[in-house]
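Just so it is clear, none of the values below were taken in a lab; they were calculated from the coordinates. Keep in mind that this is a model prediction, so the values were computed, not measured. Every residue, glycine as well, gets a Cβ built from its backbone with ideal geometry; the counts of neighbours run over all protein chains shown.
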Amino acid sequence: MVDSGAIKSLGDLKGKKVAVVAKGAADESVLHQALLKGGLQDADIERLYVPFSQQIVALQNKGIDAAIAGEPDITQMVRAGIAVRFAGLSEFYPHEAAHVLYSGKFSQDRETGVKFLKAYLRAVRDYDRALKDGRSRAGGRGDHRNAR
């Protein structure tokens, strides 16, 4: 639909079948914000509840027109030629989309936990930079002086 020009903006989702993983999931809030950004209301689309594991098949079979999906499913859909990455979460939902959880035992080892979290944040910054630049940051750690 994007390749044909049928969908050029979030507003073009009007009347389309859009999948979220489950009723009450965070994806519902994400979809709501995407619709608002496109000048739409929740009632302007047909919302379908499709588990992540079934979204690829639903797109292939044209059972849905779009999905609020996550990795690694997005990459699989794009590589298989089933879908294109249309809008990144940060374009309409300016919130953290990931959580880091520690096990009870790991959370008691503060030194290791802090080291892990610093490394995680450096990796997230590299990943974010790579997405914005459209290229990999392989080959160097870059400047991480602010990850303290």
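Observations on the structure shown:
- Farthest toward positive dipole pole in the chain [+1 Lys/Arg, -1 Asp/Glu at C-beta], among F106, M1, A87: F106
- Computed helical MRE - 222 nm, the chain, DSSP H runs ≥ 4 contributing -39500 (n - 2.57), nearest 500: -12000 deg cm²/dmol
- For region 1-110, size of Cβ-based charge dipole, Lys and Arg +1, Asp and Glu -1, in debye: 120
- Label point at A6 placed 7 Å out along Cα→Cβ; residues across region 37-65 whose backbone nitrogen lies under 11 Å: 62-65
- The Cα atoms of region 10-91 cover 31, 23, 22 Å along the three principal axes, with the biggest extent listed first.
- Per-residue ³J(HN,Hα) for region 28-45, Karplus 6.51 cos²θ - 1.76 cosθ + 1.60, θ = phi - 60°, Hz, x for Gly and Pro: 5, 5, 4, 4, 4, 5, 4, 5, 4, 4, x, x, 10, 10, 4, 6, 7, 10
- Couplings 3J(HN,Hα) of region 84-90, computed from phi: 10, 6, 9, 9, x, 3, 5 Hz, in residue order, whole Hz [Karplus 6.51 cos²θ - 1.76 cosθ + 1.60, θ = phi - 60°; x for Gly and Pro].
- Less than 5 angstrom separates the built amide H of A67 from those of A19, all sequence-distant by 5 or more or on a different chain.
- Non-local Lys pairs in region 10-91, i.e. 8 or more apart or on different chains, that have alpha carbons under 17 Å apart: 5
- Here is the size of the chain from its Cα atoms: Rg then Dmax, 18.2, 54 Å.
- Between the beta carbons of L36 and K118, assuming R0 = 35 Å, the FRET efficiency works out to 0.50 to the nearest 0.05.
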